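The values are calculated or read from the model by the stated rules, or taken from the named source; none is laboratory data. Since we're looking at a predicted model, the values are computed, not measured. Because the Cβ atoms are built from the backbone with ideal geometry, glycine has one as well, and the counts that use them run over all protein chains shown.
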Amino acid sequence: MPTTRPSSRETHRALPDAMREAVDEFALHLSAERNRSANTIRAYVGDTVSLLDHAVRMGVTSPDGLTIGVLRSWLARLRSTGAARASLARRAAAARTFTAWPTAAAASPATSARGWRARGRSAACPRCCGPTRRGR
């Protein structure tokens, strides 16, 4: 008998207060200040709830406890459960937006995703460079 996954709303309600409030304020930020569409807001909020739920399972109790390790663990779990590369890219974008959001970044500048990029060839790096030459 297959188990049903809890809805994003149920997962949102189960988050600790600080995380639930951060998600709600993030949704308002996306709507009022970033003028994002309802579909974008729904997707980013769902992805953020998923990230924070994963963080809670790893023992994090507030948004300022997010680390790059938690983010990578979340993306790895999604990949191992069959998420497509395009879905992972969108979810990573949602995580970058959430962690770079001023309220979350002000709580802990170390969690800001400025500079957090998907692994791959740098735009400034010529194609002839291999991974061992990049970053020197």
Original post:
Within the range 64-83, is even one residue surrounded by 11 or more Cβ atoms within 10 Å (Cβ to Cβ), under 15 Å from the mean Cα position of the chain (by Cα), among the acidic types (Asp, Glu) and at pLDDT 95 or above?
Top reply: no
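Residues in the range 78-104 that are outside any helix (DSSP H, G or I) and touching a residue at least 24 places away in the same chain (Cβ under 8 Å): how many?
1
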**OP:** Go through the range 44-77 and give me each residue that's in a helix (DSSP H, G or I), hydrophobic (A, V, I, L, M, F, W, C) and under 14 Å from Arg20 (Cα atoms).
**Re:** Val45, Val49, Leu51, Leu52, Ala55, Val56
**OP:** Find all pairs meeting these conditions: Cβ atoms under 6 angstrom apart; at least six residues apart or on different chains; first residue within the range 34-57 and at pLDDT 95 or above; second residue of a type in the set (D, E, K, R) and assigned to a helix (DSSP H, G or I).
**Re:** Asp47/Arg91
Subject >> Cβ-Cβ under 7 Å pairs, at least 6 apart or on other chains, the range 1-16 side surrounded by 13 or more Cβ atoms within 10 Å (Cβ to Cβ) and part of a loop (DSSP other than H, G, I, E, B), far side among the charged types (D, E, K, R) and modelled with pLDDT of 85 or more >> reply: Leu15/Asp53
